[in-house]
Amino acid sequence: MTPTSTTPPRIELHRGGDRMKTRIPWLDSKHSFSFGEHYDPDNTHHGLLLVNNEDVVLPGEGFDTHPHRDMEIVTWVLGGSLVHQDSLGHNGVIYPGLAQRMSAGTGIMHSEKNDSWRLEGRTHDEPVHFVQMWVVPDEPGVDPGYQQLEIDDELARGDLVTVASGLPRYRDRTAIAINSSHAAMHVARMTADSPGITLPDAPYLHVFVARGEVDVEGLGTLSQGDAVRLTRSGGQSIRPHGDAEVLVWEMHARLGGG
């Protein structure tokens with residue numbers, strides 16, 4: 001991780017339609033950063049955020065068991081349900097309003113499937129729509145772990161709610177703990193009547209419009225899939241056009257190399 005004092009202020013708008021894409025019969029995946037076979041040396045991360053994938057998975061399909069290591073992985077479901085199973089013995093259904101974090105640490109195997117009927121006994125034909133985000137932990141080799149938390153009631157207020165955090169300033173808030181003392185992820189679920197939110201001040205911010213349309217102060221209208229990367233900035237207001245949901249990563253360090 002690298003200090004931020006010499007990094008110049010910058011605001012970058014990234015339109016959703018310009019994202020790299022993976023499309024196969026059961027998966028529609030859009031990548032905000034380099035991912036898998038999609039590699040752009042100028043688009044590998046922002047702050048400590050390496051992955052921001054928006055995925056739609058058809059019923060009965062999903063990601064078979066695969067490994068992860070030394071990464072904090074936060075999954076946020078926007079619609080439908082996603083079944084998580086891992087080598088630590090955790091299994092459960094993730095749905096909108098239920099935050100989930102997996103610390104890969106020294107190594108973990110897991111699968112993610114749109115097949116909740118196997119656990120619930122109720123078939124369905126709804127795709128699952130979710131965003132998966134990866135941030136770098138403070139140090140490698142921690143014990144792998146898993147945590148989930150229901151925060152639907154907090155989101156109903158329309159405020160910016162801290163969902164996952166390792167930042168000491170948010171220690172007293174109800175949030176999932178991540179092994180990164182320089183990062184926190186917030187969510188705002190807004191309606192047409194919501195007053196909107198104000199972005200925190202931070203060396204690095206990543207603002208992703210997960211649903212709907214919003215006005216971002218100084219940038220104009222952003223639609224679903226659009227993102228803003230802010231460096232040494234913050235304080236901008238965000239106002240919804242109607243029902244909208246934004247995911248905000250607040251980061252106080254970055255990976256070395258820019």
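Inside region 202-218, can you point out the residues that are surrounded by fewer than 19 Cβ atoms within 10 Å (Cβ to Cβ), at pLDDT 95 or above and outside any strand (DSSP E or B)? Let's see the steps before the verdict.
Going residue by residue through region 202-218, those that are surrounded by fewer than 19 Cβ atoms within 10 Å (Cβ to Cβ) are 213, 215, 217-218.
Those left that are additionally at pLDDT 95 or above: 213, 215, 217.
Selection gives 217 alone.
Could you please let me know if residue 149 is surrounded by 12 or more Cβ atoms within 10 Å (Cβ to Cβ), in contact with an Asp or Glu (Cβ under 9 Å, 6 or more places away or on another chain), without any contact (Cβ under 8 Å) to a residue 60 or more places away in the chain and closer than 21 Å to residue 187 by Cβ? So residue 149 does not fit the description; no.
Out of all the residues in region 141-173, which are among the hydroxyl-bearing types (Ser, Thr, Tyr) and part of a strand (DSSP E or B)?
Here is the first cut: in region 141-173, the residues among the hydroxyl-bearing types (Ser, Thr, Tyr) are 146, 162, 165, 170.
Once the filter is applied, which keeps residues that are among the hydroxyl-bearing types (Ser, Thr, Tyr) and part of a strand (DSSP E or B), region 141-173 yields 146, 162, 165.
Output the number of residues of region 160-170 satisfying the condition of being under 18 Å from the mean Cα position of the chain (by Cα) and modelled with pLDDT under 95. Talk me through it step by step, then tell me what you get.
So the first thing to find is which residues in region 160-170 are under 18 Å from the mean Cα position of the chain (by Cα), and the list is 160-167, 170.
With modelled with pLDDT under 95 added as a condition, the list becomes 170.
Number of matching residues: 1.
Of all residues in region 43-67, those that are more than 18 Å from residue 228 (Cβ to Cβ) have Cβ atoms under 6 Å from Cβ atoms of residues that are open to solvent by less than 10 Å² (accessible area, probe 1.4 Å) and among the aliphatic types (A, V, I, L, M), 6 or more apart or on another chain, in 57/128. Would you check if there is a residue in region 1-20 being closer than 24 Å to residue 109 by Cα, open to solvent by 30 Å² or more (accessible area, probe 1.4 Å), more than 17 Å from the chain's Cα centre (by Cα) and of a type in the set (Ser, Thr, Tyr)? Scanning region 1-20 turns up no residue that is closer than 24 Å to residue 109 by Cα, open to solvent by 30 Å² or more (accessible area, probe 1.4 Å), more than 17 Å from the chain's Cα centre (by Cα) and of a type in the set (Ser, Thr, Tyr). Considering 109, 133, the condition of being closer than 16 Å to residue 176 by Cα and either at pLDDT 85 or above or aliphatic (A, V, I, L, M) (or both) is satisfied by 133 alone.
For region 34-45, check the following and say yes or no: at least one residue is small (Gly, Ala, Ser), within 18 Å of residue 248 (Cβ to Cβ), modelled with pLDDT of 95 or more and not in a strand (DSSP E or B).
Start the filter on region 34-45 by keeping residues that are small (Gly, Ala, Ser), which leaves 34, 36.
Filter once more, keeping what is within 18 Å of residue 248 (Cβ to Cβ): none.
Looking through region 34-45, none of the residues is small (Gly, Ala, Ser), within 18 Å of residue 248 (Cβ to Cβ), modelled with pLDDT of 95 or more and not in a strand (DSSP E or B).
Within the span defined as region 62-81, every residue fails to be touching a Gly at 6+ places or on another chain (Cβ under 6 Å), open to solvent by less than 10 Å² (accessible area, probe 1.4 Å) and not acidic (Asp, Glu).
Let's see how each residue does on (1) over 21 Å from residue 67 (Cβ atoms); (2) touching a Ser or Thr at 6+ places or on another chain (Cβ under 9 Å):
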residue: 135; (1), (2): no, yes
residue: 140; (1), (2): no, yes
residue: 144; (1), (2): no, yes
residue: 147; (1), (2): no, yes
residue: 151; (1), (2): yes, yes
residue: 159; (1), (2): yes, yes
residue: 169; (1), (2): yes, no
residue: 175; (1), (2): yes, yes
residue: 178; (1), (2): no, yes
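The residue that is least open to solvent (accessible area, probe 1.4 Å), counting only those in region 180-197 that are modelled with pLDDT of 95 or more, of a type outside the set (Ser, Thr, Tyr) and in a loop (DSSP other than H, G, I, E, B), is 196.
For region 58-75, the criterion of being out of contact with any Pro (no Cβ under 6 Å at 6 or more places or on another chain), part of a loop (DSSP other than H, G, I, E, B), under 27 Å from residue 179 (Cβ atoms) and not acidic (Asp, Glu) is met by at least one residue. Only a single item in (1) under 19 Å from residue 229 (Cβ atoms); (2) open to solvent by 10 Å² or more (accessible area, probe 1.4 Å); (3) of a type in the set (Val, Ile, Thr) is not met by residue 93, and it is number (1). Checking 45, 90 one by one, the residue that is in contact with a Leu (Cβ under 9 Å, 6 or more places away or on another chain) and farther than 22 Å from residue 188 by Cα is 45 and no other.
When you look at residue 85, is it assigned to a strand (DSSP E or B), at pLDDT 90 or above and closer than 17 Å to residue 145 by Cβ, yes or no?
In short, no.
The values are calculated or read from the model by the stated rules, or taken from the named source; none is laboratory data. Keep in mind the model is a prediction, meaning the values are calculated, not measured. Note that each Cβ is placed from the backbone with ideal geometry, even for glycine, and that neighbours are counted across all protein chains shown. Each accessible area value is taken on the protein alone, full model and side chains, heavy atoms only, with ligands, DNA and RNA left out. Shrake-Rupley method; radii C 1.70, N 1.55, O 1.52, S 1.80 Å.
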